[in-house]
């Protein structure tokens, strides 16, 4: 009989999109409205989450530099005599700058010879550009860019003495505000075998080009630390 689904050979069809077996439909409906699946590193129960948390904890305990990010603490040494003295005093010059058409005297020839021997770069710039870079200093056509000094940590000085199997000998300064005096102390401390010099972070001279020159090269061997 037409329309009789119970007759032999009849096929019962189920509505599409509504499965009667399996979990696909139920799971899909259960996830509706819950948003995208979180990343593995955002799920507390996942291994990736625990790994990321461990790395973040390690990063938070690492020491940080006291200088600001992107900060340029380098300075300029300007003038022929000053630059020659800095080179003789083993100040770590980054780049030498010479003005166009600058008179080639004995001091300038010494600068060129030093650059050739040590592989230091020399840039030729206009006089007006050198005026601008050195903030109007009397440069006599020659200037040198000196990098910021990288201070050690006081603990590093003690660790160096311990590694050498020696009793620590550290010179601690307070109230020394003249960089030349600081350099002289560094020179003397290196002479009698000290493991380093400690200066306050504030209200104290720093290891600038003047201190480097008066240390007579000792600043290249003896570490200077800052303490708060």
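Only the coordinates and a few stated rules stand behind these numbers; no lab work does. Predicted model only: the values in this text are computed from it and were never measured. Here the Cβ positions follow ideal geometry from the backbone for every residue, glycine too, while neighbour counts run over all protein chains shown.
Relative contact order for region 77-228: what percent, with Cα pairs under 8 Å and sequence separation of 6 or more?
Result for region 77-228 is 27 percent.
Arrange the following residues from fewest to most other Cβ atoms within 10 Å of their Cβ: 228, 127. Show your work: numbers first, answer last.
Numbers: 228 7, 127 13.
Lowest to highest Cβ neighbour count: 228, 127.
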*May I ask you to work out the translational diffusion coefficient for region 154-227 at 4 °C, viscosity 1.567 mPa s, via Stokes-Einstein with Rh from the Kirkwood sum over Cα pairs, reported in whole µm²/s?*
107
*Which FRET efficiency value, to the nearest 0.05, do you get for residue 106 and residue 178 by plugging their Cβ-Cβ distance into 1/(1 + (r/R0)^6) with R0 = 35 Å?*
0.70
*Tell me the label-point distance for the pair residue 88, residue 126, using the 7 Å Cα-to-Cβ offset, in nm and rounded to one decimal.*
3.4
*Tell me the Kirkwood hydrodynamic radius of region 75-146 in angstroms, computed as one over the mean inverse distance between distinct C-alpha pairs.*
11.8
*asked:* Give me 76, 212 sorted ascending by neighbouring Cβ count inside 10 Å, so fewest comes first.
replied: 76, 212
*So if we plug the beta-carbon distance of residue 221 and residue 153 into 1/(1 + (r/R0)^6) with R0 = 22 Å, what FRET efficiency do we get, rounded to 0.05?*
0.80
*Contour minus end-to-end for residue 202 and residue 135, with contour as 0.36 nm per residue of separation and end-to-end as the Cα-Cα distance?*
21.6 nm
*What is the extension gain from residue 160 to residue 117, computed as 0.36 nm multiplied by their sequence separation minus the C-alpha to C-alpha distance, in nm to one decimal?*
12.3 nm
